Structure formats: structure tokens, C-alpha cells
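A short worksheet on the structure shown next.
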Amino acid sequence: MIERIEELLAAGRAAIEQARDTAALEEVRIEYLGRKAELPNILRGVAELPPEQRGPTGRAANEARKALETEIDARSSKLAAAELEQRLIDDKIDVTLPGDPQPSIGRLHLLTQTRREIEDVFLGLGFQVKEGPELETVYYNFDALNHDPTHPARLETDTFYIGEDLVLRTHTSPMQVRAMLAQPPPIHIIVPGRVYRPDSDATHTPQFHQIEGLAIDEDITLADLKGTLLAAVKAIFGDEREIRLRPHFFPFTEPSVEVDVSCFNCTQGLLEDGSRCNLCKGTTWIEILGAGMVDPNVLGHVDYDTERYQGFAFGMGIERIAMLKHGVPDLRLLYDNDIRFLEQF
Ligand code: DAH
């Protein structure tokens with residue numbers, strides 16, 4: 001009997017050694033220590049043995065069982081650890097990878113895209129980008145820009161007043177004087193930013209965006225203004241574009257002009273189906289901005305040698321440029337934040 005026990009112990013050890021994984025090891029455990037296995041059976045039968053065999057047989061069987069249990073436990077921990085290791089390698093996921101399907105990361109708003117596009121064009125022409133305060137003094141917003149004390153734009157119906165001397169700037173033009181006070185000529189700057197007027201309908205929002213331009217140097221003429229704007233317009237609306245300057249009035253430029261771009265939507269004012277172009281209303285020209293030569297009265301607020309330095313200025317609406325360029329039919333679409341609209345750009 002003792003011999004048989006030793007055989008079982010040896011066979012069990014060999015089987016434990018050979019088990020490749022925890023499942024195989026569990027089979028070994030059942031085979032050698034399970035309810036129907038031989039070794040436990042021997043243990044259970046010890047009582048029926050002749051008295052002199054009971055002690056040695058029981059002890060040997062018990063020791064063999066304990067030995068196998070201990071070795072199974074040890075091997076089991078080893079195999080489990082190895083299996084865990086393997087699972088960690090197999091299941092490795094990189095939590096820093098984007099999800100699948102990838103969530104949309106969004107995009108810049110059309111107005112931001114347009115502002116940046118215009119900035120890029122003028123940066124390429126040697127202009128610098130400057131920004132100014134949206135809460136502006138009446139002095140910079142109107143007085144320094146040569147607005148007569150009775151100018152209608154000053155009315156409370158046309159301007160948001162914040163007390164007596166402060167307004168939400170109605171245009172980006174106040175930065176002309178601020179920029180000139182801040183540095184000596186030459187100046188070549190553009191000033192993008194928000195501006196405010198108490199209007200609200202299909203073509204006006206109380207807050208909108210402009211880009212101001214200012215160039216001050218020696219020997220600047222209206223031809224420089226035209227050349228600069230022509231280059232910018234071609235970059236924005238296409239190389240075939242022309243511009244024309246029409247006389248106009250602004251308090252802070254003299255002479256003042258309005259600038260039109262040749263229509264990019266039609267031929268000779270007509271669409272392909274022969275109907276009148278809705279963009280230029282059949283005129284072949286589209287108004288895009290105001291401009292002019294900086295008025296000497298404006299330069300009078302700055303300590304510049306006006307015999308030596310002159311300049312031009314211009315101001316355009318970013319909304320208008322974006323709408324013209326992309327055929328946006330209603331200004332309010334730019335502010336509704338409807339993803340179906342915004343996604344198109
Ligand atoms: N500030 C004007 C406006 O808001 C636009 C403008 C016109 C700006 C002529 C200029 C300019 O610099 O020269 O309507």
C-alpha cells in the first residue's frame with residue numbers, strides 16, 4: 001500500500017509539473033485529490049486496514065496528500081500570475097488613443113476663419129495685427145475722429161453709452177488714433193475686433209465685427225490705398241477681381257471713398273438662367289468697405305510731422321465679407337450656432 005502511495009505521489013508531482021495552465025492544473029487536482037481519486041480513497045479506507053498497517057499507511061497517505069496540495073497551490077499561483085501577465089499584454093489598450101468612431105473635434109467659426117484669412121492677407125502685405133478696447137471713450141470713438149458735436153452717430157439711438165464719456169465702440173476706427181499715439185510713423189496695422197450698435201434685423205446684429213486698416217508713411221497716396229485693397233480683394237475673392245473707388249463721406253478721411261469689388265457671382269449682372277444677379281443687383285459691383293486718406297484734423301490729435309507723413313485708412317465688416325464670399329443669405333445664421341449651418345465651413 002505504501003508503495004502505491006509513493007507511486008501516486010510521484011505521478012501526481014509529474015502531472016503538476018506538466019500542467020501548462022490553471023485549467024490543466026485543476027484537472028490534475030481532480031485526478032489526484034478529487035472525491036473519486038485513489039489517494040483520498042486510500043485515506044478513507046485506512047480504518048478498515050489491519051491495525052498494524054493503519055498508522056504507517058494513514059501517515060504516508062496524509063503526507064502525500066498534503067505534499068500534492070502544497071505543490072498544486074504553488075504551481076497554481078505561478079500559472080495564474082503568468083496568465084494574468086499574458087492577459088495584460090493581450091488586452092492592452094491605449095487610453096490616449098481617440099475613440100472609435102472618432103468624435104468630431106469641431107472647427108473654427110466662419111467669422112473666425114474669415115478674420116484669420118483677412119489677417120493673413122494683410123500680414124503678407126506687411127501689416128501688423130493690433131487690437132483695441134471695446135469699451136471706448138467718446139473722445140477716441142468720435143471726437144478724435146473728427147465727428148462734429150452734432151453728428152447723428154453720437155445719438156443714444158445709434159450708440160450704446162456706458163455713462164457720459166464711455167461707449168461700446170461703434171467701429172474699430174478709434175484704434176487709428178490710439179495706434180498713432182503709441183508709436184511714431186511708419187505705421188501699417190490692421191485692427192480686427194467686435195463693435196456695437198443698437199440695431200437688430202436681418203442685416204444688423206447689435207454686435208458685429210470689423211477690420212480697420214491704417215497705413216501712415218511718407219509719400220502715401222490714394223494709389224497706395226487702391227493697390228493695397230486690390231491685392232487684398234484678389235487674395236480674398238479671386239484673382240480676376242477688380243475694384244472701383246466711389247467718392248463718399250466719412251468724418252475722418254479726406255477724400256473718402258467707398259470701395260466696390262467686381263461681382264464674382266454673375267456675368268454682366270446676369271445669372272446663367274438669364275435672371276438678374278441677386279448679389280450685385282445687376283450692377284456688376286458689390287460694395288465691400290469704406291476708406292480714404294486720413295484727414296489732417298485726425299492727425300492733429302497726434303504729434304506727427306504732417307508735412308512729412310500722410311496715410312490711408314479703411315474699414316470693412318467681417319460678417320459682410322464672410323457672407324459675400326460664402327453666399328450666406330441671412331446675417332443671423334452666423335449667430336444662431338446651428339451646427340448644421342456651421343458644419344458647412
Ligand atoms: N468706421 C467706418 C464705419 O464703421 C468704416 C470706415 C470708413 C473706416 C472709412 C475707415 C475709413 O478707416 O477710412 O462705417
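The values are calculated or read from the model by the stated rules, or taken from the named source; none is laboratory data. Fair warning: this is a prediction, and the values are worked out from it, not measured in the lab. No Cβ is skipped: glycine too gets one built from the backbone with ideal geometry, and neighbour counts run over all protein chains shown.
With respect to being more than 16 Å from the ligand (Cβ to nearest atom) and either closer than 30 Å to residue 184 by Cβ or out of contact with any Phe, Trp or Tyr (no Cβ under 6 Å at 6 or more places or on another chain) (or both), residue 290 falls outside the description.
Within region 215-268, the only residue that satisfies the criterion of being away from the ligand (no atom under 16 Å from the Cβ), among the aromatic types (Phe, Trp, Tyr) and either in a helix (DSSP H, G or I) or at pLDDT 95 or above (or both) is 237.
Cβ-Cβ contacts under 7 Å between residues 6 or more apart (or on different chains), taken from a first residue in region 326-345 that is farther than 17 Å from residue 108 by Cβ to a second residue that is among the hydroxyl-bearing types (Ser, Thr, Tyr) and surrounded by fewer than 14 Cβ atoms within 10 Å (Cβ to Cβ), are listed as 331/203. Of all residues in region 91-105, those that are within 18 Å of the chain's Cα centre (by Cα) and aliphatic (A, V, I, L, M) total 1.
Within region 164-214, can you find the residues that are among the hydroxyl-bearing types (Ser, Thr, Tyr), away from the ligand (no atom under 12 Å from the Cβ) and free of Cβ contacts under 8 Å to residues at least 40 places away in the same chain?
Going residue by residue through region 164-214, those that are among the hydroxyl-bearing types (Ser, Thr, Tyr) are 170, 172-173, 196, 200, 203, 205.
Subsequent filtering for residues that are away from the ligand (no atom under 12 Å from the Cβ) retains 200, 203, 205.
The answer is 200, and nothing else.
Here are some residues: 172, 114, 96. Which one is among the hydroxyl-bearing types (Ser, Thr, Tyr), assigned by TED's automatic domain parsing to the domain that holds residue 211 and assigned to a loop (DSSP other than H, G, I, E, B)? Spell out the reasoning first.
Working: 114 fails: assigned to a loop (DSSP other than H, G, I, E, B); 96 fails: assigned by TED's automatic domain parsing to the domain that holds residue 211.
Just one listed residue meets the conditions, 172.
Evaluated against (1) farther than 30 Å from residue 235 by Cβ; (2) not in a helix (DSSP H, G or I), residue 144 falls short on exactly one condition, (2).
Of all residue pairs spaced 6 or more apart or on separate chains, those with beta-carbon atoms under 7 Å, a first member in region 303-323 that is over 18 Å from residue 256 (Cβ atoms) and assigned by TED's automatic domain parsing to the domain that holds residue 192 and a second member that is charged (D, E, K, R) and outside any strand (DSSP E or B) are 318/115.
Remark: pairs (first residue in region 239-251, within 18 Å of residue 142 (Cα to Cα); second residue surrounded by 13 or more Cβ atoms within 10 Å (Cβ to Cβ); Cβ separation under 7 Å; 6+ apart in sequence or on different chains) = 249/256; 250/256; 250/290; 250/292; 251/145; 251/146; 251/147; 251/151. Just one of the numbered conditions (1) under 24 Å from residue 18 (Cβ atoms); (2) free of Cβ contacts under 8 Å to residues at least 24 places away in the same chain is not true of residue 79: (2).
For the residues 250, 237, the requirement of being surrounded by fewer than 20 Cβ atoms within 10 Å (Cβ to Cβ) and in the same structural domain as residue 125 (by TED's automatic domain parsing) singles out 237. For the condition farther than 23 Å from residue 146 by Cβ, in contact with a Gly (Cβ under 6 Å, 6 or more places away or on another chain), not hydroxyl-bearing (Ser, Thr, Tyr) and not in a strand (DSSP E or B), residue 282 qualifies.
Only a single item in (1) farther than 29 Å from residue 306 by Cα; (2) crowded, with 17+ Cβ neighbours inside 10 Å is not met by residue 290, and it is number (1).
Can you find a residue that is assigned to a helix (DSSP H, G or I) and away from the ligand (no atom under 16 Å from the Cβ) anywhere in region 299-320?
Applying the first criterion (assigned to a helix (DSSP H, G or I)) to region 299-320 yields 299, 318-320.
Filter once more, keeping what is away from the ligand (no atom under 16 Å from the Cβ): none.
No.
Only residues in region 283-296 that are in the same structural domain as residue 310 (by TED's automatic domain parsing) count as the first member; pair them with residues that are outside any strand (DSSP E or B) and near the ligand (Cβ under 8 Å from one of its atoms), Cβ under 6 angstrom, at least 6 apart or cross-chain, and list the lot. If the second residue must be outside any strand (DSSP E or B) and near the ligand (Cβ under 8 Å from one of its atoms), the pairs left are 295/252.
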